[in-house]
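Below: one structure, written as structure tokens.
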Amino acid sequence: MSRRPKHYPINTIRSRFQTVALDNKYQVFMEPNLNVYNAAADVGISRRFIDEDLGLYVSDAVLPGSSFADVEVSGDRQGVTERMPFKRIYDDVTFTFMVDREYKVLRYFEAWMQLINPLHGDTDGKADNQVMTLNYPKDYKCTMSIMKFNKDYFKRGIGFAYYCFVRSWPLSMSSVPVNYDSGSVLKLNVTFRYERYVMENVTKGMLRSGWKGYSDSFDPWLGTLPSAYQRYKSNLQNTQDDREDDNLEDVTYIGPYGNWGREEQKKLNDRGMGWYNLWGLL
């Protein structure tokens, strides 16, 4: 049955709209790794400034969004066409930073960009034969977060949304316009890319059904490997106990899964699945 509109007294509506969230209370947190801290220290920026002050210079921020990439799937016999998601896409986020009088904000992000794409050659970077390389992602990708809260958060400790950006890095620093007319606050727009975000108390990890978390579609044992291996270990221990009682040598144990792993690999080879090398069992 379809729903019908309900009559609400004006006082009821007014009381409910007093609970809406405002957009002007938030805080951004930067959590660099040691490499980024060191790169900032090389240009005279302290860890205290990064941990305590930098997030307070964010004058405009966004809460992250995401979408799905989908594909059209047509039923051959049903005559039904559906669209199915196959990948989640996380939007880039852009934060606007007010620039301090010592230009630490500018120097910090320039140092971070320099860490991603270091310059080799003459020390002042002005020589014609400079060489630029790219560092490994683990060297420059960091965690950052944003917390959106209400004015009563500090009294009651409730009413907040916390987003953590996993393995984030600065994708771009915008050009900063200056002019003689306005005399307004200098601002820097930085766009960040990240692998995914985690929303506190909402995002939850799930154990997948396949072996070691892999999908069943890539698991020739269809999720039965752990139990099968446990049975093998139990049989192996019983055999070892029997040999010890008979004063014989222990059973030879090869690799993390022993002879059992070899036997399972042989079964795969016989089935034409030798490419599936037990994901490191042997």
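The values are calculated or read from the model by the stated rules, or taken from the named source; none is laboratory data. As the structure is a prediction and not an experimental result, all values here were calculated from the model. Here the Cβ positions follow ideal geometry from the backbone for every residue, glycine too, while neighbour counts run over all protein chains shown.
Among the residues in region 56-72, are any assigned by TED's automatic domain parsing to the domain that holds Leu188 and more than 25 Å from the chain's Cα centre (by Cα)? Yes - at least one qualifying residue is present in region 56-72.
I'd like to check something: does region 28-45 contain any residue that is in a helix (DSSP H, G or I), free of Cβ contacts under 8 Å to residues at least 60 places away in the same chain and closer than 17 Å to Ser168 by Cα? Steps first, answer last, please.
We begin by selecting, within region 28-45, every residue in a helix (DSSP H, G or I); these are 34-42.
Checking the rest, the ones that are also free of Cβ contacts under 8 Å to residues at least 60 places away in the same chain come to 34, 37-38, 41.
Filter once more, so that each one left must be closer than 17 Å to Ser168 by Cα: 34, 37.
Yes: region 28-45 contains one or more residues that are in a helix (DSSP H, G or I), free of Cβ contacts under 8 Å to residues at least 60 places away in the same chain and closer than 17 Å to Ser168 by Cα.
Of the set (1) modelled with pLDDT of 95 or more; (2) within 30 Å of Ser184 (Cα to Cα), all apply to Lys141 but (2).
Matching residues to (1) surrounded by 11 or more Cβ atoms within 10 Å (Cβ to Cβ); (2) at pLDDT 60 or above; (3) in a helix (DSSP H, G or I); (4) among the basic types (Lys, Arg):
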| residue | (1), (2), (3), (4) |
| --- | --- |
| Cys164 | yes, yes, no, no |
| Arg167 | yes, yes, no, yes |
| Ser175 | no, yes, no, no |
| Thr203 | yes, yes, no, no |
| Gly223 | yes, no, no, no |
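Could you please let me know if Ile10 is free of Cβ contacts under 8 Å to residues at least 40 places away in the same chain and under 22 Å from the mean Cα position of the chain (by Cα)? So that I can check it myself, show each step before the final result.
Numbers: free of Cβ contacts under 8 Å to residues at least 40 places away in the same chain: yes; under 22 Å from the mean Cα position of the chain (by Cα): no.
So Ile10 does not fit the description; no.
Would you confirm whether any residue within region 105-117 is farther than 22 Å from Glu195 by Cα, assigned by TED's automatic domain parsing to the domain that holds Asn35, among the β-branched types (Val, Ile, Thr) and modelled with pLDDT of 95 or more? Checking region 105-117: at least one residue is farther than 22 Å from Glu195 by Cα, assigned by TED's automatic domain parsing to the domain that holds Asn35, among the β-branched types (Val, Ile, Thr) and modelled with pLDDT of 95 or more.
In the set (1) in a helix (DSSP H, G or I); (2) loosely packed, with under 13 Cβ neighbours inside 10 Å; (3) in contact (Cβ under 8 Å) with a residue 24 or more places away in the chain; (4) of a type outside the set (Val, Ile, Thr), the condition left unmet by Glu52 is number (3).
Here region 154-181 is the region considered, the condition is being among the aromatic types (Phe, Trp, Tyr) and in contact (Cβ under 8 Å) with a residue 24 or more places away in the chain, and the residue that is nearest to Ala111 (Cα to Cα) is Trp169. Is it fair to say Thr19 is part of a loop (DSSP other than H, G, I, E, B) and β-branched (Val, Ile, Thr)? Yes: the conditions hold for Thr19.
Looking at region 135-153, which of the residues that are assigned to a helix (DSSP H, G or I) and of a type in the set (D, E, K, R) is nearest to Phe109 (Cα to Cα)? It comes out as Asp139.
If I ask for residues that are aromatic (Phe, Trp, Tyr), surrounded by 15 or more Cβ atoms within 10 Å (Cβ to Cβ) and out of contact with any Leu (no Cβ under 9 Å at 6 or more places or on another chain), which ones from region 177-196 would you list?
Quick first cut of region 177-196, residues aromatic (Phe, Trp, Tyr) only: 180, 192, 194.
Next, from what is left, pick out any that are surrounded by 15 or more Cβ atoms within 10 Å (Cβ to Cβ): 192, 194.
Within region 177-196, just Tyr194 meets the criteria.
Could you please give the count of residues in region 177-191 that are within 16 Å of Val99 (Cβ to Cβ) and assigned to a strand (DSSP E or B)? Steps first, please.
Step one: filter region 177-191 for residues within 16 Å of Val99 (Cβ to Cβ), giving 177-179, 182-190.
Those left that are additionally assigned to a strand (DSSP E or B): 187-190.
Result for region 177-191: 4.
Per the conditions (1) in contact with a Phe, Trp or Tyr (Cβ under 9 Å, 6 or more places away or on another chain); (2) loosely packed, with under 10 Cβ neighbours inside 10 Å; (3) part of a loop (DSSP other than H, G, I, E, B), the sole criterion not satisfied by Gly79 is (1).
Among the residues of region 4-36, the ones that are among the aromatic types (Phe, Trp, Tyr) and either loosely packed, with under 10 Cβ neighbours inside 10 Å or at positive phi (or both) come to 1 in all.
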